[in-house]
1. Here are some conditions: (1) assigned to a helix (DSSP H, G or I); (2) among the β-branched types (Val, Ile, Thr); (3) under 21 Å from the mean Cα position of the chain (by Cα). Ile211 meets all but one. Which one does it not meet?
2. So is Arg30 surrounded by fewer than 22 Cβ atoms within 10 Å (Cβ to Cβ) and among the basic types (Lys, Arg) or not?
3. Go through (1) part of a helix (DSSP H, G or I); (2) within 16 Å of ligand 2 (Cβ to nearest atom); (3) open to solvent by less than 20 Å² (accessible area, probe 1.4 Å) and name the single condition Gly90 misses.
4. Look through Ile172, Ile188, Ile196 and report the one residue that is aliphatic (A, V, I, L, M), over 22 Å from Lys433 (Cβ atoms), open to solvent by less than 30 Å² (accessible area, probe 1.4 Å) and assigned to a loop (DSSP other than H, G, I, E, B).
5. Regarding segment 93-103, can at least one residue be identified that is within 16 Å of ligand 1 (Cβ to nearest atom) and surrounded by fewer than 23 Cβ atoms within 10 Å (Cβ to Cβ)?
6. Does any residue in segment 331-343 that is under 24 Å from Asp363 (Cα atoms) come within less than 6 Å, Cβ to Cβ, of a residue that is among the hydroxyl-bearing types (Ser, Thr, Tyr) six or more places away or on a different chain, and which pairs are these?
7. Of Glu302, Glu235, Glu293, which residue is at pLDDT below 95, within 27 Å of Cys334 (Cβ to Cβ) and over 21 Å from the mean Cα position of the chain (by Cα)?
8. What's the total number of residues in segment 134-166 that are surrounded by fewer than 24 Cβ atoms within 10 Å (Cβ to Cβ) and among the aliphatic types (A, V, I, L, M)?
Amino acid sequence: MQSQIQTPAGGLAEQLPPLSGHEALVEANRCLYCYDAPCTRACPTHIDIPAFIKKIASGNLTGSGRTILEANILGATCARVCPVQELCEGACVLRSEHKPIMIGRLQRYATDYVYNRGIDLFRAGTPNGRKVAVIGAGPAGLACASHLARLGYSVTLFEKRELGGGLSTYGIIVLREPVEIALAEVEIVRRLGVRIETGVELGRNLDWTGIQAESDAVFLGVGLGSTPPLGIPGEEHVIDGLAYIEQSKLDTARLTVGREVIVIGAGNTAVDCATIARRLGAERVTMVYRRTEREMTAYRHEYDFIKLEGVEFRFLTQPVGVISESGIVKGLACVRVELGPPDASGRPAPIDVPGSELTLPADQIIKAIGQKKPDLASALGLATDSGYIRVNSQLETSVPGVYAGGDCIRARGAASTVMAVQDGKLAATAIHKQLMKATADREVSVNG
Ligand SMILES: Cc1cc2nc3c(=O)[nH]c(=O)nc-3n(C[C@H](O)[C@H](O)[C@H](O)COP(=O)(O)OP(=O)(O)OC[C@H]3O[C@@H](n4cnc5c(N)ncnc54)[C@H](O)[C@@H]3O)c2cc1C
Ligand code: SF4
């Protein structure tokens, strides 16, 4: 047995409390309601932010929720998980002189109002006789499916996991978003008439040729794969960061947290793993990264947050093996590195410093070094771009009638929930345009 402590009863809870009615009103009344608002432009789903805030100020909370969810059906998730500092709040004109408006928290206030009262704001459109298959019930798939359902399409969503929601359900830590919010959004999409079949995986128990033959169009929102291997001896003792987070959300009774935890990686997932370990009682948490602070991919505000949590950092340190005795983890063997010329990723390549071997003590080691590229692309014969599914400006893949969006296409830049939602929306619009055009063309040729 490892010297591990169990999770305290109750585990983790959402970090930020909801705004009270008074707080929301005061905050809404600070907004300048800018014409051509920079916050709306900075939001990837272009929510009309001044409009939804004005509706809060005038007490029209249902209308406020409608304005948000019209543009972003996952508005309740995005209110909690969006990197607002980089997006809407980062563009707020009040940022330079005062505090920016708390757009995310006002968005949560309005969407919570709608959800807590079970208000359904949208209906399925009049059936148009067309069928679309959506693969993957993450943010991209849910957004695409809901938009198509509102346009009258018969939509079936196939999801390989037991629950819908994608990483909002399985990957984003409870501190930021409780599972119930993600699942409530899945139910909203179901109530729009979308059939959601879980436990169905394209390539395993769902046949690609059959799906294509039965559907007028297909949307792939399959996200990325599991954590890639480190390729070091003793790797079998290393815990997968995504599995660690998933357990902290959905299987807390079986989650064990070490006293001395090492997290390998320096992206947002690594920060999340370190946060869980620290919050659930680890005495010492160290993030090990083979480059420097400058090359970290975690958001700056996340890095600042984790430092305040007391997490330590070992930069320019490359893991080379896990030290264990009778299956019990004792430490991580590492070498010091220095940075050389850029590698294939465009970042400076770490080069081992001879004679710099060191051992870091640990009783739990977690790897959080990103996710594998979507392996489905080659299996389905789709063209790729650096391993990601290649799409054109209409989000159509190299196979006509097959569209894709979300993390599986994001070859460059940071991936986020709100970007996946926007992809789903844009793909739904492109599918609708294409199928309506095909119908119009057919009518012209029939009528001469
Ligand atoms: C640990 C972690 C923390 C994050 N934190 C944040 C955050 O705080 N803020 C933020 O904005 N973003 C965050 N992100 C990123 C965000 O979660 C993703 O960008 C977003 O979920 C992408 O949505 P998606 O629909 O493309 O993919 P996913 O959410 O990955 O959903 C893909 C879905 O497709 C299903 N699927 C895959 N293959 C198949 C198949 N063959 N057949 C059927 N179904 C299949 C999967 O099971 C999954 O449900 C985080 C990511 C991680 C890993
Ligand atoms: S969806 Fe995200 S980026 Fe857009 S307004 Fe809401 S919190 Fe800001």
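The values are calculated or read from the model by the stated rules, or taken from the named source; none is laboratory data. Predicted model, so just to flag it, every value in this text is computed and none were measured. Positions of Cβ are backbone-derived with ideal geometry, glycine not excepted, and every protein chain shown enters the neighbour counts. Just so you know, the surface numbers come from the protein's heavy atoms only, side chains and all, with ligands and any DNA or RNA stripped out. Shrake-Rupley method; radii C 1.70, N 1.55, O 1.52, S 1.80 Å.
1. (3)
2. The answer is yes for Arg30.
3. Gly90 satisfies every listed condition except (3).
4. One residue alone meets the criteria, Ile172.
5. no
6. Gly331/Thr359; Ala333/Thr359; Cys334/Thr317; Val335/Ser356; Arg336/Ser356
7. Glu293
8. 2
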